[in-house]
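Here is the structure we will look at.
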Amino acid sequence: MNQRSRLSLLVVQILIVSLMVALLGRLFYLQIAMGPTYRDAALSIQSRDVVSPATRGLIVDSSGVPLALNKVGLAITIDRIAIDKQPDKGVAVMARLSRLLKLQYANVYRNTRLCGELPTGQRAGCWTGSRYQPIPITKSADPDVALQIVENSDQFPGIDAQPIAIRNYPGTVGVNAAHVLGYVGPLTEEDLSGENGKNFFRSESIGKSGLEIVYDSFLRGIPGIRTLIVDRKEAITSQRQNTPPVAGDHLVTSLDVRLQAATETALADAVLRGRANGYTSDSGAAVVMDVRNGQILAIASYPTYDPNIFEKGLTVAQASDLFSEKKAVPALSRALQGLYAPASTFKSVSVIAAASAGYNLNASYKCPSELQVGTRLFQNFESKSQGTMSLKKMIAVSCDTVWYRIAFDEWLRDGGLSPKSNPNDYFFKAAASFNFTQKVGVDLPSESSSRLANRAYKKSWYQQNKDFYCNYKERATKAQQTPFLILLAKENCVDGDKVRAGDAVNFSIGQGETVVTPLKLAQMYAAIGNGGTIWQMMVGKAIVKTDGTVVKTMKPEKLGTLSASKETIDFLRGALREVVVAGTGTGAFAGFPIPISGKTGTAEVFGRNLNGSLKDNTSWFASYAPSNKPRYAVVMMVSQGGFGASTSGVGVRNIYETLFGVKGNKVVPGAAIFPDGKPPIKLPKISPATKPRVAP
Amino acid sequence: MSQISVRRGLYQHRRFSIFHGSDPVLTTAVALLLIIGTLLVYAATRDWYARNGLDPQFYLKRHVINIAIGTLLAYGTTLIDYRLLRAYIPIFWGLGVLGLIIVLIPGLGTSINGARAWISLPGGFQIQPAELAKIAIIVGMSMLLSERSHDSNKPETSDLLQALVIAAIPVLLIIRQPDMGTAFIISASVITIIAVSGASSRWVIGLLILAILVAVVATKTGVISQYQLNRLQTFVDPTADTQGTGYQLRQARIAIGSGGLIGKGLFNGPQTNGRFVPEQQTDFIFTVAGEELGFLGGGLIIFLYLLILMRAFAIARRTSDPFGRLVTTGIIGWFAFQIFENIGMTLGLMPMTGVPLPFISYGGSSMFATLIGFGLLQNVHARSKG
């Protein structure tokens, strides 16, 4: 071999060895370095998870009566794999099925498409589960129709009828509780993306609102997973894992179905009573709580809706009604989301303010018909002079002018429009000691914070609105250009950042920009009733496993203590009792055998309704009972319901009648909701069949 | 030189075995690859065939028959001194070219995966003339470049031109099919032979440039079909096509990658058993090794190939006969580039072509051709003592 050939051979050999080494290196990269990535990719290609949902835990009341349970529905399902194998991809089968079920073909088609198969914008109603599980077309089929399908299986290939678990709110003794319970529904893409820090399986249902969403992680359970290995033609070749579902835990609440139902009825009656008296009465809320521990015994909001509509399949009309202003937005839970001026119920705060400012609570004061504050006249309610009387009586008859006087004097003492650097602010501080702006901490979603119109609030309000009021002529609409509003705008522009005399005066009687949720007011009156403890408010009591073991107990926390002396609180309790004995609440509670303490409130509301009428007053009644040894706080609010006493006061009386078992001004022995006089502490036995105790 | 004398002693000792004078390392490596290949062909087809109600050993049986015939051909190749083959080379070459012409005639040639490369025979058998043409080209060129009437170290220009014509005719016919993979392998082999023949480096570099030009022109002028172009494009951008070629390449890479170090175990590859990789018993057989035998199995196969090639280089160095050396060199180029193209394709290093893996892939023509190539290597080895 010559030199050149020898050299060429060596070069070729080096080249070829390099090629083989390159193959080895690439093989190493793919299998060792990138191995885990490709293993995952292979798994997603080959394996299909079939999810069998876990039985969702029950939601029960404090005696074990189910508020939410699972019912067996008859589902008609479509097997995508089977119908896709039809020559026409199942068009004929689905058309036949939609005729039989009296459904629109287009809807059936859409319901059986995976969301990714449909163009964006046309995905409403798409199937969020996997192709490998039967897709339910209806969950409440007529058994006769189901039988027709099963018996004519040659006509309906891939269509099956099978029992399916559906969430059901049984409405025992007529209970509704839609806002508290919430509902369950399919997962959204956001849930599935894991953005919320949770991992779900596509076909799972999750809580969407109310208790269902707050306690979802307990209620949901763990779905069973069968992992199937499939081939390129999607035929199943083997099964890799099979974990059975684990049922969800039960939620025991502090609610009582009978009390809840009675509260809802009392509220609805109050709304109707308001309407009968000529008021708009568009909505309302009522709360019953245990003043000793913050547990909520009943919570109602009006108007409401059927909590079962979501599982039945919400129609477009039903969905839009939920948020329709004309229907007063039934989806809104007034008890925790509604904000209303507290009006005279706020005088409890004013009593504490006056006491800390050094006013003698046992002295007599004047209640004139009106009070001149600057250039404006502030009138007593119904512009009546009540003469001179004790402060206690002032609360009972709900005199306003005495509070105007005190608030105005204190405002002047704090420097008026040029406030001192360290003002006393007795009124603001009294409200703040009720934790006024902190949420009650209820275990329900979207609670609103009450608003305290103090100096800090005025400043931030001014920052946001300065531009509008200082350029009112340019910014405001034509309709807003009335002489009064222009004048108001000018005032707001000049000193809108300050607490003005009018603001201070309005504040003392719960008018103006201070607003409160019904829950917050209940918490405040519970604090007065229990001697000063501000409790967190909660509906959930415990999480219990299906075998009865307690997973978790929820105990409401003490959020704060009222900063008022025992004497002040005692005075206040005496005054609130006087309201019912000889004051604005006397008529509503005439002859009631159990001593009740409370306060009426009738708040003026500015603005107009959709039909152009002026808004009616907000009707409040805030109370606790029994007066000597308070156990329960009950608050009712009817928006545009008129007078506090006649609309809400009577409503609260109705609730107390059920609570204490009162019929015709007499206590029926054993008829009280809680015969021992207190809600049960022991957790109940949980069964879907538990029935409420029947009162004698 | 003392090493060589030791080896001579070794081979004299083995005079009485059937493959007397054969290289035992080479034989063992090929035998191991044949065994591995048989297992892989079975693993690639067993599950799918059984599940579809077909004979799960359909491919296994045929593969074993192919190996048996191929082994006989290899044995036959070793019997006659390869130097005596020269007389038959023109006939052999002529038959190869005839076969390549026949496949292009409509009605006679069978088209698979866009390449008109097969002649169908009765009984469901098919012949791929290009596989046999490889041998004809290698032996023909080697003969021309080694038969010199003078003592020059370099082949004459006329010799080189003649040799190129011998290669060019079948290569052009193969490009017409079009089977770019085989054309690439033959071209690489031709350049290897010319380089080792002692031709000046101008020739080698010139031919390399020409090969690249032909490839570019073929792509641009549409000699390469759209199908081939798609395969080339998905090589450049694997995400361009999700169901066609790109799909196949991605599935192949996932099968191999998911094998990890030790693999899923023979017959236990879900990607293989699910038949996600197409043509897995033929062109994509390496993915079965990758998934079921892992890096250890795949690495062993590459190592065995390297061993075969190293033995072949040793044979090329040892022989004093220029013809034997060029034949050996040609076979080295053929095997090496075919291995690199096939495994490189499954690993995403090379574009997708329909090239089988020597000694392993299912397929008669390829098995026969590679085993004849192996026989030629042993033949040169046995007679290299001079």
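The values are calculated or read from the model by the stated rules, or taken from the named source; none is laboratory data. It should be emphasised that the depicted structure is a prediction, and the values quoted were computed from it without experimental measurement. Positions of Cβ are backbone-derived with ideal geometry, glycine not excepted, and every protein chain shown enters the neighbour counts.
Quick rundown of the values:
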| item | result |
| --- | --- |
| Search result, residues across the range B:334-356 that are of a type in the set (G, A, S) and at pLDDT 95 or above | B:A336 |
| Residue list for the range A:589-616, restricted to those being outside any strand (DSSP E or B) and either within 28 Å of A:V662 (Cα to Cα) or free of Cβ contacts under 8 Å to residues at least 40 places away in the same chain (or both) | A:F589, A:A590, A:G591, A:F592, A:P593, A:I594, A:P595, A:I596, A:F606, A:G607, A:N611, A:G612 |
| Single match in B:L309, B:L371 (criterion: of a type outside the set (D, E, K, R), within 17 Å of B:I67 (Cβ to Cβ) and either touching a helix residue (DSSP H, G or I) at 6+ places or on another chain (Cβ under 9 Å) or away from chain A (no Cβ under 11 Å) (or both)) | B:L371 |
| Filtered residues of the range B:192-205 (kept if part of a helix (DSSP H, G or I) and under 16 Å from B:E156 (Cα atoms)) | B:I193, B:I194, B:A195, B:V196, B:S201, B:R202, B:W203, B:V204 |
| Count of residues meeting criterion [small (G, A, S), assigned to a loop (DSSP other than H, G, I, E, B) and at pLDDT 90 or above] in the range A:51-68 | 4 |
| Subset of the range A:338-393 [under 30 Å from A:P445 (Cα atoms) and of a type in the set (K, R)] | A:K347 |
| Residue among A:A161, A:A177, A:A141 that alone is in contact (Cβ under 8 Å) with a residue 12 or more places away in the chain, outside the structural domain of A:A261 (by TED's automatic domain parsing) and closer than 30 Å to A:A542 by Cα | A:A177 |
| Lone qualifier among B:V288, B:V277 - being closer than 20 Å to B:G354 by Cβ and either more than 10 Å from chain A (Cβ to nearest Cβ) or part of a helix (DSSP H, G or I) (or both) | B:V288 |
| Selection from the range A:127-168 of residues that are among the polar types (S, T, N, Q), closer than 19 Å to A:V72 by Cβ and outside any loop (DSSP other than H, G, I, E, B) | A:T138, A:Q162, A:N168 |
| Test for A:Y38: is it facing another protein chain (nearest Cβ under 9 Å), of a type in the set (F, W, Y) and surrounded by 18 or more Cβ atoms within 10 Å (Cβ to Cβ) | yes |
| Helices (runs of 4 or more DSSP H) (entirely within the range A:431-532) containing at least 1 residues that are among the aliphatic types (A, V, I, L, M) | A:455-470, A:483-495, A:501-508, A:518-529 |
| Filter result (among the small types (G, A, S), in contact with a Gly (Cβ under 8 Å, 6 or more places away or on another chain) and modelled with pLDDT of 90 or more) within the range A:428-484 | A:S433, A:S448 |
| Restricting the range B:336-353 to residues that are in a helix (DSSP H, G or I) and at the interface with chain A (Cβ under 9 Å from one of its Cβ atoms), the residue that is surrounded by the most Cβ atoms within 10 Å (Cβ to Cβ) | B:I343 |
| Test: residue in the range B:365-372 that is of a type in the set (G, A, S), surrounded by fewer than 24 Cβ atoms within 10 Å (Cβ to Cβ), in contact with a strand residue (DSSP E or B) (Cβ under 9 Å, 6 or more places away or on another chain) and within 30 Å of B:F58 (Cβ to Cβ) | yes |
| Criterion (within 14 Å of chain B (Cβ to nearest Cβ) and outside any helix (DSSP H, G or I)) met by exactly one of A:R26, A:R48 | A:R48 |
| Count - residues of the range B:30-74 that are on the phi < 0 side of the Ramachandran plot and out of contact with any Phe, Trp or Tyr (no Cβ under 8 Å at 6 or more places or on another chain) | 19 |
| A:G73 surrounded by fewer than 23 Cβ atoms within 10 Å (Cβ to Cβ), in contact with a Ser or Thr (Cβ under 6 Å, 6 or more places away or on another chain) and either over 30 Å from A:G158 (Cα atoms) or away from every other protein chain (no Cβ under 14 Å) (or both) | yes |
| Only one of A:A22, A:A68 that is over 19 Å from B:G269 (Cβ atoms), without any contact (Cβ under 8 Å) to a residue 24 or more places away in the chain and either outside the structural domain of A:V184 (by TED's automatic domain parsing) or buried (at least 16 other Cβ atoms within 10 Å of the Cβ) (or both) | A:A22 |
| Residue within the range B:78-85 that is of a type in the set (A, V, I, L, M), surrounded by 15 or more Cβ atoms within 10 Å (Cβ to Cβ) and at pLDDT below 90 present | yes |
